[in-house]
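Please read the structure below before turning to the comments.
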Amino acid sequence: MDQPYPDVPAELAEPFNLGHALGQAHAFSLVAGRCTAAQAGTLCRIREEKLYKPFTSDWREFCPKFLNISASQADRIIRLWKEFGPGIFELSQLTRVSEAIYRELEPLIRDGALHFNGEAIQLDPENARKIAAIVAELRRDYMPARQKHEPTIPELLDAIEKRGEALAAEFQELASQKCQGEDLARLELALNRVAAAFEQIQMSTFVR
């Protein structure tokens, strides 16, 4: 089969062809729960390694044109991939699950399986009905009990650290867009405000 994008180096052809095909099928739609782990990983690689450059220098132009999704949608998928890894996408292929719900279920997702009542149930299509039933049961019984649990300091710190890393990644992505003029000034102001807030916490807590 001829390569759809002959000007793209051969080593970049596969991720671009896949990305384009996924976009045409609207396969990145998290609302419909159809973005697979492999697709999310490919999307992350396209952005992080700037593999979109042969098409356009602007990531925000590339996403709607070649993937049929907005850059903000793509960035959200990449953020979920970085925060949760493949688990959230693997589970979403089998049953509808929101980001908040998955965050509660995450301790039970290990090595591509849902661990429940001493059983490791692989996140495979043949187990979809069973997994959907277990998730429904957990949402009804297990999760309300967890929500009543007062999180410990280490648990809170782990959650905050993940959000902090995600925030830093978002700032880094904006910086990589080569902001200019007013946008660059606003980016610098936002960074300074966030840095100042963290410095104030550090000074008031650790400096005696």
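Restrict the check to the stretch 96-110 and report whether at least one residue is more than 17 Å from residue 37 (Cβ to Cβ) and touching a Cys at 6+ places or on another chain (Cβ under 9 Å). Scanning the stretch 96-110 turns up no residue that is more than 17 Å from residue 37 (Cβ to Cβ) and touching a Cys at 6+ places or on another chain (Cβ under 9 Å). Listed by first and then second residue, the pairs with beta-carbon distance under 7 Å, at least 6 apart or on different chains, first residue in the stretch 162-185 and more than 22 Å from residue 100 (Cβ to Cβ), second at pLDDT 80 or above and of a type outside the set (Phe, Trp, Tyr), are 171/191; 173/75; 174/187; 175/187; 179/187.
Looking only at the stretch 69-104, which residues are outside any helix (DSSP H, G or I) and open to solvent by less than 60 Å² (accessible area, probe 1.4 Å)?
Looking only at the stretch 69-104, we keep the residues that are outside any helix (DSSP H, G or I), and these are 69-70, 85-86, 93-98.
Passing the criteria: 69, 70, 85, 86, 94, 95, 97, 98.
Scanning the stretch 123-145 for residues that are open to solvent by 90 Å² or more (accessible area, probe 1.4 Å), modelled with pLDDT under 80 and within 23 Å of residue 86 (Cβ to Cβ) yields one hit, 139.
The values are calculated or read from the model by the stated rules, or taken from the named source; none is laboratory data. Quick caveat: nothing in here was measured; it's all calculated off a predicted structure. Positions of Cβ are backbone-derived with ideal geometry, glycine not excepted, and every protein chain shown enters the neighbour counts. When the accessible area is computed, the model is the full protein with side chains, heavy atoms only, and any ligands, DNA or RNA have been set aside. Shrake-Rupley method; radii C 1.70, N 1.55, O 1.52, S 1.80 Å.
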